[in-house]
Each structure stands twice: as structure tokens, then as C-alpha cells.
Amino acid sequence: MRITRLQVTDFRNIGQADVSPGPGMNLVVGANGQGKTNLVEAITFLSWLRSFRTSRTTDLVSHDSESAHLLGSVSGDRGEHTIEIGVGRGFRRVTLDDHPVRSSRECLSRVTVAFLSPDDPAILEGGPDGRRTLVDRFAVLLDPSRTALIGRYSKLVRERNEILKSPGGSFDVGVLDACEEAMAEAGGQVVLARKEALDSLLEHLPGTLDDMAGEDLSVAVSYASRWIPEGTGRGDIGALLRRRLHERRSTDTTLGRTTVGPHTDDLRVDLLGHRARGHASRGQRKVLMLAWKAAETRVFRVNLQVDPVLVLDDALADLDATRQDRVVEYLAAYPGQSFLTGTSVPGGQPTGCRVFHTEAGRFTSRD
């Protein structure tokens, strides 16, 4: 699975670019603010059909233009495909091989991207939202049909909240019962999807982290939920959620929001026997998140016989020289296609690596 060509028009500060990435490691280098992240944002957009930086399509368009355009040629086990995307004020048009795309899963299945942004290591320090998104994104990559499941559960949470806010608490109990029944079914499936994704990741994360860090950081990751008791069977989670929602009706009506369910859950991440949150250094958080994304690609290779496109934005910042070398060595050995952005070419540039020099939204390449 790889991107063989990417044409970008009026996307952020990229007026016009025609990039032909190499099949292995690609370095995108240049000073800050020149367009490196904009290029990898375009790459991820081909797969996810959304930006990792904004929900507003107008933010993606160059200041002097009405719309932006992406055209990507991708190659994988499902053959050669062309993804074409146009975005502008309040609209997004996508075609796959000249046919309209109705769901992001269509593009996800043609080009899978495992992506790390410079902000992702902060997920370990922030609130649970970011950590839930981290595991949800991976669960969706493993099975794109889960996009609809997660969206359905989120919609049901909003519906229940609106019911609970009925004036004077005079809601229709039958409507609330039906909503909670649907929430229990969808919520149980969301938890199972998360746990399955986390289980598969943890088969590869410790070893990958040891390789990149050059030491044993004793990483441990567990699913943390206040409403699921220890020892609950995975097949019992939906029924449990149904009971918890019924039990919390009075409290939730007072608060005007739903206080139990997978939207309240978290991941606990430990390094060297301590919570990463509040204890891990910036370098440790960075190398952990790099290893996390690399472990995701190993899951794909073992479970699905696919090597995703691995995109690491500003990956070497906050790492000492030894860990930088280990990250570069890992990417050089990665059997799939990868993109690494930075302000300069790291020492010991691997043979066969393609380098794109970036200046004011323009890209020049050399091997």
C-alpha cells in the first residue's frame, strides 16, 4: 500500500505541487512554516477525508482561492486507484476512480494511514478525550465499518442528553427507554472494538518501544472505566450499560448529561511503573507515541497482511541523538511507505531514501 503520486492545488500554502513519493522512506525537510505539515495533512486527507488540524474546510483553502484540490494515485493489494478531493466553504467532494464516495471507509480501505502529529504526545498529559480518540482511530483503521458505529453511539449520547433536558424533566419514558436500549447495544460494541484494538496493539507495543528507546521502559496500557467492574465479561458490557443508564437517570437528569458509557472512559498508560501522565519526560512521551504508531503498523502486517502508509510529523524533535538514530533506522527497515518531516536531513541518511526540500509551499526532490 503506497501513494505513488500526489497533486495538490491551493491547499493551505501549497499553490501547486506535484509530488512522486518513493516506495520506502520519504523525508520532507525545511524551515518551520514552509509547508511540511501541510503536505502530510494532504496525505492523511486522502485516507481519512478530514483534517487532523481543523473541522472547517475553509481553513484548508489558500487565502486567495475559493477551493482546494487533491489528486492522489494509490497502489495496494486492491490494485491501482485514484482519489480526487475538492474542498471549499462548507463543502467536500470526493471521487474514487471517478465514482462519488459516500463513506470515508471507501478511501480508508484503499489507503490506510498511521499518523503521528507533533501534538499527539500531549495526549498522555491531557484529558481522556485524546486517549479515547487515539484508540478509536486505530479501531476504525482496523475495521472502517466502525466509523458508523462510533458516530451512532455519539449521536445517541446527544439524543439522551436532549431528552434529559426536557423542561421540568417531563420526558417521555418510552422514548428514553428506546434511546437507552440503542445506546447499550452500540456502547457495548464500542467498548469491545476498543478492547480488541488495544489487545492487538499491546502484542507489539512493548517490543517496538524497546527498539526505539534503546531501553526497557516497562510500558503498560490498560482500559480504564468507572462503570465497568473488574472481571466483567466482554459479552456482558451492553447489558451492564443498560442497567447503569437506568440507575443514573435521576442524577443525569439533574446534571443534564449522560455520566456513564464509553464516552466517559480512558486509557491508563504507565512507564517504568508510574503513570505517564505527570511523570514521563517529553522525550519519553515522544518515543512512546512513535512506538505506538509503529506498533499499529505491525498489527496490520500480522493481522491483515498490509503495510499502512506511516506518517510521522516532526518525529525527531525532543529526542536525543541516540533515539533519533533508532527512529531513522526503524523507518529505513519498515517494509511499507513512510513519511518523516523535520527541519533537516538526519545524519546517516538511509540508502534509497527520497528527500523533499520544502520552501514556501514548493517541494523539490532527490534520492
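FYI, it's all coordinate maths here, none of it is from the lab. Fair warning: this is a prediction, and the values are worked out from it, not measured in the lab. Don't worry about glycine lacking a Cβ; one is built from the backbone with ideal geometry, like all the others, and counts go over all protein chains shown.
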For segment 201-213, Karplus-derived ³J(HN,Hα) couplings (6.51, -1.76, 1.60; θ = phi - 60°; whole Hz; x for glycine and proline) come out as 5, 5, 5, 10, 4, x, x, 5, 5, 4, 4, 7, 7
Give me, ordered by chain and number, the residues 5 or more places off M25 or on other chains with an amide H under 5 Å from its own placed amide H.
S338, R354
Whole-Å distance linking the alpha carbon centroid of segment 256-277 with that of segment 164-222 is 10
Taking +1 at the Cβ of each Lys and Arg and -1 at the Cβ of each Asp and Glu, which of T57, P335, V260 sits farthest along the dipole of the chain towards its positive end, judged by Cα position relative to the Cα centre?
V260
Kindly write out, for segment 89-99 in residue order, the coupling ³J(HN,Hα) from the Karplus curve 6.51 cos²θ - 1.76 cosθ + 1.60 (θ = phi - 60°), rounded to whole Hz, with x marking Gly and Pro.
5, x, 9, 8, 10, 10, 10, 10, 6, 6, 10
Of T58, T259, T351, which is the most mobile in a GNM of the chain whose springs link Cα atoms less than 10 angstrom apart?
T351
Taking H as built 1.01 Å from N, whose amide H comes closer than 5 Å to the amide H of V260, not counting residues under 5 places away?
none
May I ask for log10 I(q)/I(0) of the chain at q = 0.06, 0.07 Å⁻¹, from a Debye sum over the Cα atoms as equal point scatterers with solvent left out?
-0.25, -0.34
Please give, to one decimal in nm, the separation of the simple spin-label points placed at E230 and H357, each 7 Å out from Cα toward the Cβ.
5.9
Listed residues E80, E66, E106; largest mean-square fluctuation, Gaussian network over the chain with Cα springs below 10 Å, found at E66
Rounded, prolate or oblate (a/c below 1.5 giving rounded, otherwise prolate when a/b exceeds b/c) for segment 124-304 by Cα gyration tensor
prolate
Rounded to the nearest 500, what is the 222 nm mean residue ellipticity of the chain from helices alone, with -39500 (n - 2.57) per DSSP H run of 4+ residues and division by all residues?
-12500 deg cm²/dmol
Which residue fluctuates the most in the chain, going by a Gaussian network model with Cα springs under 10 Å, if the choices are G347, G188, G238?
G347
Using only the alpha carbons of segment 301-367, what is the convex hull's orientation-averaged projected area in square nanometres?
5.5
Net length gained if the chain between A148 and Q305 were fully extended (0.36 nm per residue, minus Cα distance):
54.1 nm
Here, chymotrypsin sites (Phe, Trp or Tyr not before Pro) of segment 45-118 satisfying both criteria (DSSP loop; at most 11 other Cβ within 10 Å) are none
